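Asker: Structure in structure tokens, see below.
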Amino acid sequence: MGYLRHVVACNAWSPDDFLPLWLDGGRVGFIRTDHVAALADYPYVFDIGDSGIAFAPDLSGPSLTAALGEVALDLAARGLLGPLRGEPFAITERWGGPTLFTLDRAAVPFFGTRSYGVHLNGYIRDPDGLKLWIGLRAPNKKIAPGKLDNLVAGGIAAGYDAGATLVKEAAEEADMGPELAARAVPVGAILYRMRLFEGMRDDVLFLYDLELDPGFRPRNTDGEAVGFELMSLDAALARVRDSDDFKFNVNLVLIDFALRHGAIGPDHPDYIALVCGLRGGG
């Protein structure tokens, strides 16, 4: 058990198991080598080589988005990815860069494209120490059903930036007004890459801290959480250390919170590995 195992699990992948996905000479994703054969069925979209996969040169922007939409529908019908979600993610070469194409959220792992999200640590100061509002994910969630979660978290969809996503998700997930959500302090980011059945999660999580009034009570409005618990930081860290009760990437968010607030200090034997590992996605 321990903290570091979560960091290791979220960075478990080997370059030998993937081929890079290229667009105009820039890498935009990773394709599992055992998925390459499926892409050979779409020669009008993909140019498959021994060292990588490129998009057909006559596809770009809207035409590439449309072609990938058709491919994603077919891959979902073949069981190679889950049902499409109707939520487009903007694919860029770097954060803040121009949108190269958009991709349904469900298809992002298959193509190994980088996605971005926000996570909010909502906490209060108590005479006994810091306490965090922890959500319980609904049992019908596709990813990590029934697991513990941050107070607010969500992916950044096309057309949104980090701040707007935080305000939107805070309203949906915790019934938090925009004025309160806007008080959240950006405190950094976590990066990780991990192999999945569908392909790869290449994620950047933008982190926010928000000190809440002791009288605040979250209320979920979108059905994605079924309850909330005010948990001491020590109790939350014990569950991170000794169990898999939290959603896989939430463990990383809580470890980062503990490092920044001194609950995990330099005398911990894994301190340096934790600090470096939370930025392991590169």
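The values are calculated or read from the model by the stated rules, or taken from the named source; none is laboratory data. Remember, it's a predicted structure, so these values are computed and weren't measured experimentally. Here the Cβ positions follow ideal geometry from the backbone for every residue, glycine too, while neighbour counts run over all protein chains shown.
Asker: If you check Gly223 against the conditions, is it surrounded by fewer than 19 Cβ atoms within 10 Å (Cβ to Cβ), assigned to a loop (DSSP other than H, G, I, E, B) and on the phi > 0 side of the Ramachandran plot?
Answerer: yes
Asker: Sticking with this structure for a sec: What pairs can you find where one residue is in the range 172-196 and at positive phi, the other is hydrophobic (A, V, I, L, M, F, W, C), and their Cβ atoms are less than 9 Å apart, with a gap of 6+ or different chains?
Answerer: Pairs found: Gly188/Phe206; Gly188/Leu207; Gly188/Leu278.
Asker: Could you grab me the full set of residues in the range 89-108 that are touching a strand residue (DSSP E or B) at 6+ places or on another chain (Cβ under 9 Å) and closer than 22 Å to Glu173 by Cβ?
Answerer: Phe89, Ala90, Asp104, Arg105, Val108
Asker: Moving on. Give me a count of the residues in the range 195-208 that are surrounded by fewer than 19 Cβ atoms within 10 Å (Cβ to Cβ) and either modelled with pLDDT of 95 or more or over 24 Å from Leu274 (Cα atoms) (or both).
Answerer: Of the range 195-208, the ones surrounded by fewer than 19 Cβ atoms within 10 Å (Cβ to Cβ) are 195-197, 204.
Subset that is either modelled with pLDDT of 95 or more or over 24 Å from Leu274 (Cα atoms) (or both): 195, 197, 204.
Here the count works out to 3.
Asker: With the checklist (1) in contact (Cβ under 8 Å) with a residue 24 or more places away in the chain; (2) assigned by TED's automatic domain parsing to the domain that holds Val28 in hand, flag the one item Trp133 doesn't pass.
Answerer: (2)
Asker: I've got another one for you. Report yes if some residue within the range 34-50 is among the acidic types (Asp, Glu), in a loop (DSSP other than H, G, I, E, B), within 22 Å of Leu73 (Cα to Cα) and not assigned by TED's automatic domain parsing to the domain that holds Tyr192; otherwise report no.
Answerer: yes
Asker: Whether any residue in the range 211-219 is in contact with a helix residue (DSSP H, G or I) (Cβ under 9 Å, 6 or more places away or on another chain), of a type in the set (D, E, K, R) and surrounded by 15 or more Cβ atoms within 10 Å (Cβ to Cβ) is what I want to check.
Answerer: Looking through the range 211-219, none of the residues is in contact with a helix residue (DSSP H, G or I) (Cβ under 9 Å, 6 or more places away or on another chain), of a type in the set (D, E, K, R) and surrounded by 15 or more Cβ atoms within 10 Å (Cβ to Cβ).
Asker: Another question about this same structure. Name the residue, out of Leu103, Leu75, Leu80, Leu84, that is under 26 Å from Asp161 (Cα atoms) and in contact with a Phe, Trp or Tyr (Cβ under 7 Å, 6 or more places away or on another chain).
Answerer: Leu103
Asker: Quick one: is Pro109 outside any loop (DSSP other than H, G, I, E, B) and loosely packed, with under 13 Cβ neighbours inside 10 Å?
Answerer: Spelling it out, it is not the case that Pro109 is outside any loop (DSSP other than H, G, I, E, B) and loosely packed, with under 13 Cβ neighbours inside 10 Å.
Asker: Can you tell me which residue among Phe216, Phe257 is within 18 Å of the chain's Cα centre (by Cα), modelled with pLDDT of 95 or more and among the aromatic types (Phe, Trp, Tyr)? Talk me through it step by step, then tell me what you get.
Answerer: Numbers: Phe216 fails: within 18 Å of the chain's Cα centre (by Cα).
Answer to the selection: Phe257.
Asker: Could you say which residue among Ala40, Ala77 is in contact with a strand residue (DSSP E or B) (Cβ under 9 Å, 6 or more places away or on another chain) and surrounded by fewer than 21 Cβ atoms within 10 Å (Cβ to Cβ)? Before you say what the answer is, go through the steps one by one.
Answerer: Working: Ala77 fails: in contact with a strand residue (DSSP E or B) (Cβ under 9 Å, 6 or more places away or on another chain).
After ruling out the rest, the residue left standing is Ala40.
Asker: Another question about this same structure. Are any residues in the range 120-173 among the small types (Gly, Ala, Ser), part of a loop (DSSP other than H, G, I, E, B) and out of contact with any Gly (no Cβ under 9 Å at 6 or more places or on another chain), and if so, which ones?
Answerer: Once the filter is applied, which keeps residues that are among the small types (Gly, Ala, Ser), part of a loop (DSSP other than H, G, I, E, B) and out of contact with any Gly (no Cβ under 9 Å at 6 or more places or on another chain), the range 120-173 yields Ala144, Gly146, Ala157, Ala158, Gly159.
Asker: Please state which one of Ala106, Ala144 is on the phi > 0 side of the Ramachandran plot and of a type in the set (A, V, I, L, M).
Answerer: Going through Ala106, Ala144 in turn, the sole match is Ala144.
Asker: Does any residue of the range 147-164 turn out to be closer than 30 Å to Ala37 by Cβ, free of Cβ contacts under 8 Å to residues at least 24 places away in the same chain and of a type outside the set (Val, Ile, Thr)?
Answerer: no
Asker: Shifting gears a bit: Would you check which residues across the range 109-157 are among the polar types (S, T, N, Q) and within 14 Å of Glu173 (Cα to Cα) and list them?
Answerer: Passing the criteria: Asn121, Asn150.
Asker: Here is a further query. Looking at the range 241-282, which of the residues that are of a type in the set (Val, Ile, Thr), out of contact with any strand residue (DSSP E or B) (no Cβ under 6 Å at 6 or more places or on another chain) and assigned to a helix (DSSP H, G or I) is surrounded by the most Cβ atoms within 10 Å (Cβ to Cβ)?
Answerer: Ranking the candidates gives Ile255 first.
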